[in-house]
Amino acid sequence: MFGDLMGMMGKLQETQKKIEETKKRLDTVLVDEQSSDGLLKVTLTANRAIKSLSIDDSLLEDKEQLGDYLILVLNKAIEKATNVNETELAAVAKDGMPNIPGMF
């Protein structure tokens, strides 16, 4: 009984370590998004940190239009990055979970 419990605890600790390593790796995974006309481009990490932003000069003439572009493109990029992040972390967590009867 206690051997099983200790084994599960060890597996959980190992999984936690893999999750932390995956989070660090996701800082190096880049997600690109751009407006449909290519006037605004953004690159985020899979941990949703903005790495670069490219704005065409024509957008600088209209603050409202620039704001609209930023909102649309950033939201799409954040959604993509979140999907990558959640998929990667879920795979690591699922793979590392001990087989506990009644949990799944």
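Lys and Arg at +1, Asp and Glu at -1: add these up for the other residues within a Cβ distance under 12 Å of residue 87 and post the number.
Net local charge, residue 87 excluded: 0.
Assuming R0 = 35 Å, can you tell me the calculated FRET efficiency for the pair residue 76 and residue 17, based on Cβ-Cβ distance, to the nearest 0.05?
For residue 76 and residue 17, the calculated efficiency is 0.60.
Considering the convex hull of the alpha carbon atoms of segment 2-96, report its projected area averaged over all viewing directions, in nm², one decimal.
Projected area, direction-averaged: 6.7 nm².
Which entries of 41/94; 24/51; 17/41; 23/51 have Cα-Cα distances beyond 26 Å here?
Going by Cα-Cα distance, 41/94; 17/41 fall outside the 26 Å limit.
When Lys and Arg each count +1 and Asp and Glu each count -1, what net charge do the other residues less than 14 Å away from residue 18, Cβ to Cβ, add up to?
Overall, the nearby charge balance is +1.
Quick one: net charge of residue 48's neighbours, Cβ under 15 Å, K/R +1, D/E -1?
Charge balance in the 15 Å sphere: 0.
In nm, to one decimal, how far is the modelled label at residue 27 from the one at residue 60, with both set 7 Å along Cα→Cβ?
The modelled label-to-label distance comes out at 3.2 nm.
All of the numbers you see were taken from the coordinates with simple rules; none came from a lab. Just so you know, these numbers come straight off a predicted model, no measurement behind them. FYI the Cβ positions are ideal-geometry reconstructions off the backbone, even for glycines, and counts take in every protein chain you see.
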